[in-house]
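Asker: My questions all concern the structure below.
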Amino acid sequence: PIVQKIDTKSLSAENSEVVSYFGVKVPRKITAELKPENNQFTNVQFKRFVLGPIEFDAPEKFKGSLDVTYLDDELRLTRGDKGNIFVLTRLGDL
């Protein structure tokens, strides 16, 4: 599963997962800066990509936005700027 961590103090986010390439498990991670416009809409500037031992900065043009369409204590539904719908559930404090 993809795990998303959001730091509301630093306005940053991190998505991470472990995928299997030809039976080899490889961690993947992306970090991003969040720029909320209001309680519902947030601009996202991707900052860094990690694929196993390879790390690189995201180009400045790698950005997007998220529109929160539903939020409660356990569930968040968000639509991305490309029309993707994200369904996220809370795991608790990590």
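The values are calculated or read from the model by the stated rules, or taken from the named source; none is laboratory data. Keep in mind the model is a prediction, meaning the values are calculated, not measured. Positions of Cβ are backbone-derived with ideal geometry, glycine not excepted, and every protein chain shown enters the neighbour counts. The area values use the complete protein model at the heavy-atom level, side chains included, leaving out ligands, DNA and RNA. Shrake-Rupley method; radii C 1.70, N 1.55, O 1.52, S 1.80 Å.
Asker: Can you work out the Karplus-derived ³J(HN,Hα) for every residue in the range 40-53? Use 6.51 cos²θ - 1.76 cosθ + 1.60 with θ = phi - 60°, whole Hz, and x for glycine or proline.
Answerer: Calculated HN-Hα couplings, in order: 10, 10, 9, 7, 10, 10, 5, 10, 8, 10, 10, 10, x, x Hz.
Asker: Now, a different point. Quick check: at a probe of 1.4 Å, how many percent of the accessible area of the chain sits on carbon and sulfur atoms?
Answerer: Ligands and nucleic acids excluded, carbon and sulfur reach 56 percent.
Asker: Moving to a separate point now. So I have [x] 12.6, 47; [y] 14.1, 43; [z] 15.1, 49, and one of them is Rg and Dmax of the Cα atoms in Å calculated from this model. Which one is it?
Answerer: [y]
Asker: Suppose all protein chains stay in the model; what accessible area per residue would a 1.4 Å probe give for the chain, in Å²?
Answerer: Value returned for the chain: 77 Å² of accessible area per residue.
Asker: Also, I was wondering about something else. Sum up the charges of everything whose Cβ sits under 13 Å from the Cβ of Arg76, counting Lys and Arg as +1 and Asp and Glu as -1, but leave Arg76 out.
Answerer: Result for the neighbourhood of Arg76: -2.
Asker: Okay, moving on. Run through the range 2-62 and list the chymotrypsin sites (Phe, Trp or Tyr not before Pro) located in a DSSP loop whose Cβ has at most 13 other Cβ atoms within 10 Å.
Answerer: Phe22
Asker: For the range 20-61, what is one quarter of the convex hull surface built on the Cα atoms, given in nm²?
Answerer: Mean projected area of the Cα convex hull: 4.1 nm².
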